[in-house]
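The values are calculated or read from the model by the stated rules, or taken from the named source; none is laboratory data. Just so it is clear, the model here is predicted, and its values are computed rather than measured. Don't worry about glycine lacking a Cβ; one is built from the backbone with ideal geometry, like all the others, and counts go over all protein chains shown. Only protein heavy atoms, including side chains, enter the accessible area calculation; ligands, DNA and RNA are left aside. Shrake-Rupley method; radii C 1.70, N 1.55, O 1.52, S 1.80 Å.
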Amino acid sequence: MVPARCPGPCAVLALVLFLGCGVVLCSGQNDTEPIVLEGKCLVVCDSNPSSDGAVTSSLGISVRSAGAKVAFSAVRGTNHEPSEMSNTSMTIYFDQVLVNIGNHFDLKASVFQAPRRGIYSFSFHVVKVYNRQTIQVNLMQNDYPVISAFAGDQDVTREAASNGVLLMVEREDRVYLKLERGTLMGGWKYSTFSGFLVFPL
């Protein structure tokens with residue numbers, strides 16, 4: 001009887017091995033010695049499913065659905081400051097979304113809310129124009145500043161405060177930009193705020 005071989009690098013969520021099928025050989029992804037499994041019936045199920053759309057079995061097999069993809073990028077298309085941006089919130093608002101895979105970036109609030117726990121990458125580029133003072137922009141995670149960027153050269157007409165970071169983010173954490181110091185009175189067209197899920201945890 002010819003042994004059956006598992007498809008790919010054992011990329012299945014459950015293995016049902018019947019005695020009538022003979023011996024089943026399952027090779028590892030790195031072409032190591034095959035695992036020989038024989039007997040009446042063996043079912044390998046995941047007893048600890050992930051909340052991020054991925055399922056990992058006890059054999060270390062991980063399958064992620066398309067829903068695990070998360071990315072956003074927002075931009076300012078005008079120089080007009082919305083009335084909501086007052087001295088009470090100081091949130092930096094954006095008016096256009098270029099990418100919003102998963103729809104986890106709220107354009108109106110200009111806040112990203114994480115759909116799952118994982119490592120995320122965030123970056124921002126906030127432009128001040130004709131503003132002879134220093135500005136400080138903070139990347140906020142649940143109302144706590146994580147990183148900052150400054151722009152304060154008074155000899156240029158346009159200057160950007162930029163920074164980027166990798167963060168471990170919990171599910172439903174909120175990430176946004178806050179103007180901690182200074183004003184953006186001259187306008188902030190072409191400012192951007194982007195982020196994406198590197199991998200879930």
Do you know which of the residues in the range 170-196 that are under 15 Å from residue 118 (Cβ atoms) and in contact with a Lys or Arg (Cβ under 7 Å, 6 or more places away or on another chain) is most open to solvent (accessible area, probe 1.4 Å)?
171
Test result for residue 201, at pLDDT 90 or above, open to solvent by 20 Å² or more (accessible area, probe 1.4 Å) and in contact with a helix residue (DSSP H, G or I) (Cβ under 9 Å, 6 or more places away or on another chain):
no
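Just give me the residues in the range 81-103 being assigned to a loop (DSSP other than H, G, I, E, B), within 18 Å of residue 190 (Cα to Cα) and either at pLDDT below 65 or open to solvent by less than 40 Å² (accessible area, probe 1.4 Å) (or both), in sequence order. Full working, then the answer.
Quick first cut of the range 81-103, residues assigned to a loop (DSSP other than H, G, I, E, B) only: 81-90, 92-95, 102-103.
Narrowing further to those that are within 18 Å of residue 190 (Cα to Cα): 81-82, 85, 92-95.
Once the filter is applied, which keeps residues that are assigned to a loop (DSSP other than H, G, I, E, B), within 18 Å of residue 190 (Cα to Cα) and either at pLDDT below 65 or open to solvent by less than 40 Å² (accessible area, probe 1.4 Å) (or both), the range 81-103 yields 81, 82, 85, 92, 93, 94.
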In the range 110-142, residue farthest from residue 175 (Cα to Cα) [restricted to those that are modelled with pLDDT of 90 or more and open to solvent by 40 Å² or more (accessible area, probe 1.4 Å)]
125
